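Bear in mind that the values in this text are calculations on the coordinates, not laboratory data. Because the structure is a prediction, the values reported are computed rather than measured. We place every Cβ from the backbone using ideal geometry, glycine too, and count neighbours over all the protein chains shown.
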Amino acid sequence: MSMELSIFDVIGPVMIGPSSSHTAGAARLARAARLIAGEGVCSVRFGLHGSFAKTGRGHGTDRALLAGVLGLSEHDERIVEAVSLARAAGLEWEFVPEELEGMHENSVRMTFSMADGTSREVIGSSIGGGQIRIARIDGFETDFDARAVTLLVQQYDRPGVIRDITRVLAQNGVNIAVMKLSRRARGDLACTVIETDSPVSEAAVREIAALENVIRAQVIDLGEEA
């Protein structure tokens, strides 16, 4: 039996400590979630599960999550100042313990309240070594790690929608690495997650967002791997 290991797996990421899972991973997870939520976030509720709830404060998980929501990377020394930075930004927040059935010990439900009265929900986990999994977005199963450029599309479950999305990507020279689709029910709302081998241009995203039966399209690109 053979096992492939990268140098990252051996020594872990460059990060602000004290813990890769409770600090670096938490910051990266919250940064991805904020990109998913988009602009106009007024407040965020963190539902902390498992080890995040039990030992997170001692490991700085609360500050790391706040820092990520503010857009700070896991490498940013300002993570330790996250509380004062969040107050200065006018962000309201709340941390509560929560049971998330079937989730990794280091998991959190982030519920974002937006200025327009809407809300968005992201559930994810920090799985060790600064790496993350985004498990659900607004109730849809997503399961991606945000290491690759990821296109998220919310749409109506209608014939031809996936064909049109992939056509736009092909016309823009974007190769699909992984694609997953989750739907609430046949013919109802659906969410498509597409991990790509190269960046997706803003023009391509706008073209996809304008397609018939597409509700929202956005790209999640954290810039560099954890």
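Backbone geometry of segment 150-161 corresponds, through the Karplus equation with coefficients 6.51, -1.76 and 1.60 at θ = phi - 60°, to 3J(HN,Hα) couplings of 10, 9, 10, 10, 9, 8, 7, 6, 10, x, x, 5 Hz, x marking Gly and Pro. By the Stokes-Einstein formula, at 0.692 mPa s and 37 °C, segment 21-124 with its Kirkwood radius over alpha-carbon pairs has D equal to 248 µm²/s. Positive end of the dipole of segment 7-138 (Cβ unit charges, origin at the Cα centre): among H104, V83, H49, the Cα lying farthest that way belongs to V83. Rg/Rh for segment 149-220 (Cα atoms only, Rh after Kirkwood) is 0.93. Relative contact order of segment 149-220, taken over Cα pairs closer than 8 Å and 6 or more residues apart, is 50 percent.
Using θ = phi - 60° in the Karplus curve 6.51 cos²θ - 1.76 cosθ + 1.60, the 3J(HN,Hα) couplings for segment 65-73 round to 5, 4, 4, x, 5, 7, x, 7, 7 Hz; x is entered for Gly and Pro. Working from label points 7 Å from Cα in the Cα-to-Cβ sense, the L181 to H75 distance is 3.8 nm.
Working from Cα pairs under 8 Å separated by at least six residues, relative contact order for segment 7-138 is 36 percent.
Distance from the Cα centroid of segment 112-142 to that of segment 182-208 is 16 Å (rounded to whole angstrom).
Here the Karplus curve 6.51 cos²θ - 1.76 cosθ + 1.60, taken at θ = phi - 60°, turns the phi angles of segment 108-117 into couplings of 8, 9, 10, 10, 9, 9, 9, 4, 8, x Hz, with x standing for Gly and Pro. Applying the Kirkwood pairwise sum to the alpha-carbon positions of the chain produces a hydrodynamic radius of 18.1 angstrom. Ellipticity at 222 nm from helices only: DSSP H runs of n ≥ 4 in the chain, each -39500 (n - 2.57), divided by the residue count, give -7500 deg cm²/dmol.
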